[in-house]
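For reference, the structure is listed below as structure tokens.
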Amino acid sequence: MTDRNSRPTPTRRVVVGGAVAAAAAAVLLTETPPAFALGGSYAIAFKANTNALWWTASGDHSQGMKAGTSPAMAGNGRGGYQLAFQANTGALIVYGDDIKKNTAQGMDAASSPAIARLSDGRYVVAFQANNHDLYRWDSQYGPARLNLGMMTGTSPSIAAGPSGSYRIAFQANTGELWTYDSASGGGQDWHQGMAPFTSPSITWAGGWQMAFQANTSNLYTFGGLAKANLRLGMAPRTSPVIAQGSSGYRIAFQANTASLWHWDSQSGPKNWALGMQPGTSPAIVGLSGGGYQLAFQANTGNLWSVGDAGSPGDLKLGMDSKATSPSLAGGYGSAAAIGRYNAGILAGANRYPNNYPYGQQCLVFVEDQIRYAGGPSIHMPGAPSTYQSIWAQFATGQSWATVAPGDICQWYDGHGEHTVIITGGNSPTNATVVDSNYGYNMRVNRGSWSSRDAGFAANTYKLWRVK
């Protein structure tokens, strides 16, 4: 597969399985989804060219989907997944390892839902109802009309934040970018015109940050971290997607050359030189081990995946070519899906660039980020030999098998102590951290876990997750 300039002849799609009747009276909810992901770190959900819901490492689950719609997926924090999609009946279905439910909520026929797992364990689905209003479905509280009108044929995006919060971004029926905030219970008009038949994307990365195609056809990012016209042209009727990483955020999109591109808050734009199906949008996820993974419908109609977890390329799975797009989720999710405060701790630390003059010791830096996340007020006076017993009151011990971004690591060997926040990785060889006063200048620094461990006696550290 190449750029549009040397577009290949579409290949035969290789998805097999019985077609799902478009007029099926009900959606089957009997299959058991897998509890593992392709490559062990992510999974992809998509509408196959059989009109059925598929996701990687599984068979055809015979879940019929509405024409021209796409599924959404979130990690459950334990290696499994939760999906949301519009069934071929027009109803919102929530289906996965934790919940299998026909919500009986009718959706706008040309829209797709979005799903997020909150830090308190709830799932929240945002969707455009068949009355063209924005709704949310909550796994604990059920459906709610938010009394905010949406543009027909567009879809909302939802992101989890600290302390059980979430925010929804959508194109209003005025054609402008709006958000709904769970904390305030109200909407906000950002006064930014959006391109017709496009949808925004939102993530939490130390603040709410969005990506959208403006009515100029350029890619924009707006939110608490940046407000910018990125001056990158997008293909018509396509939408960007944004994801939090271990440091910063990344936006994937289909450029006006019909190629896959991304723009990174740390490193800027990149042309992947991979042709995409017209009218489709890519998916992106920040990986628990660091980096990002992307998935998209290629101009052959097949599902492709590239990124830091490996670039298998063509997965030889045929997608419905009627403007449908895949969804990505990490098996161990974002930090929000792992621990109650992990997302907020990580986001708090991400407010500070490398070499920022924080002016405090390492432990105070970590304590401050825990408070920023809405966590307990932890104060450790006295001798460092008492610190581990204090951690045990506020946190649960972790191992390298369970560690996740937003967890805490503390060393103490009788000669000194050092405290860091884990930002990625799952072993002593690949883990990354952020801290303050690594050295003696009281500045924020990011680096490898192993570089910090080298200053202490062997096995004098403990991993903690704030509870």
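No lab work stands behind these numbers, since they all come straight from the coordinates. As the structure is a computational prediction, the values presented were derived from the model and not from experiment. With ideal geometry, Cβ positions are generated from the backbone for all residues, glycine too; neighbour counts draw on all protein chains shown.
Observations on the structure shown:
- The chain, relative contact order [Cα under 8 Å, separation at least 6], %: 13
- The ellipsoid that matches the Cα gyration tensor of region 355-466 has semi-axes, each √(5λ) in whole angstrom, of 17, 17, 15, with the longest given first.
- Cross-link table 66/100; 47/100; 101/227; 270/462, entries beyond 28 Å C-alpha to C-alpha: 101/227; 270/462
- Counted residue by residue at 0.36 nm each, then reduced by the alpha carbon distance between them, the extension gain from residue 176 to residue 229 reaches 17.5 nm.
- Net charge contributed by nearby residues that have their C-beta within less than 12 Å of residue 348 (K/R +1, D/E -1): 0
- Residues in region 443-450 carry Karplus couplings, in order, of 10, 6, 9, 10, x, 7, 4, 5 Hz; the curve used is 6.51 cos²θ - 1.76 cosθ + 1.60 with θ = phi - 60°, and Gly or Pro positions show x.
- Residue separation of residue 141 and residue 467 scaled by 0.36 nm, minus their Cα-Cα distance, works out to 115.0 nm of gained length.
- Cα-projected label distance for residue 400 with residue 122, points at 7 Å along beta-carbon direction, nm: 3.8
- Computed 3J(HN,Hα) for region 266-280, one whole-Hz value per residue from the Karplus formula 6.51 cos²θ - 1.76 cosθ + 1.60 where θ = phi - 60°, is 9, 10, x, x, 9, 9, 6, 6, 10, x, 10, 5, x, x, 10, glycine and proline marked x.
- Estimated from helical segments only, the mean residue ellipticity of the chain at 222 nm is -2000 deg cm²/dmol, where each DSSP H run of four or more residues counts as -39500 (n - 2.57).
- With the charge dipole of the chain set up from +1 on Lys and Arg Cβ and -1 on Asp and Glu Cβ about the Cα centre, the Cα lying farthest toward the positive end among the listed residues 288, 192, 319 is that of 319.
- Sorted peptide list for 145-156, 307-318, criterion being average Cβ within 10 angstrom, highest first: 145-156, 307-318
- Taking packing as the residue-averaged number of other Cβ atoms within 10 angstrom, the listed peptides 245-253, 191-199 run from highest to lowest as 245-253, 191-199.
- Normalised convex hull volume, region 246-337, alpha-carbon set, Å³ per residue: 96
- In a fully extended conformation the segment linking residue 152 and residue 413 would gain 87.8 nm over its present Cα-Cα distance, using 0.36 nm per residue.
- At R0 = 45 Å, FRET efficiency that the Cβ-Cβ distance of residue 356 and residue 130 yields, to 0.05: 0.40
- Relative to the longest principal axis of the Cα atoms of the chain, the long axis of helix 362-372 lies at roughly 40 degrees.
- Shape analysis of the chain based on the Cα gyration tensor places the equivalent ellipsoid semi-axes at 38, 22, 22 Å, largest first.
- Efficiency of FRET between residue 429 and residue 257 - r from beta-carbon atoms, R0 35 angstrom, step 0.05: 0.35
- Highest-first packing order for the peptide set 64-70, 457-463 is 64-70, 457-463, based on the mean count of other beta carbon atoms within 10 Å.
- Label zone of residue 385 (point 7 Å out along Cα→Cβ, amide N under 20 Å): in region 445-459 this covers 456-459.
- Dipole magnitude for the chain: computed about the Cα centre from +1 point charges on Lys and Arg Cβ and -1 point charges on Asp and Glu Cβ, it is near 540 debye.
- Taking amide H as placed 1.01 Å from N in the peptide plane, residue 246 has its amide H under 5 Å from the amide H of 291, each at least 5 places away in sequence or on another chain.
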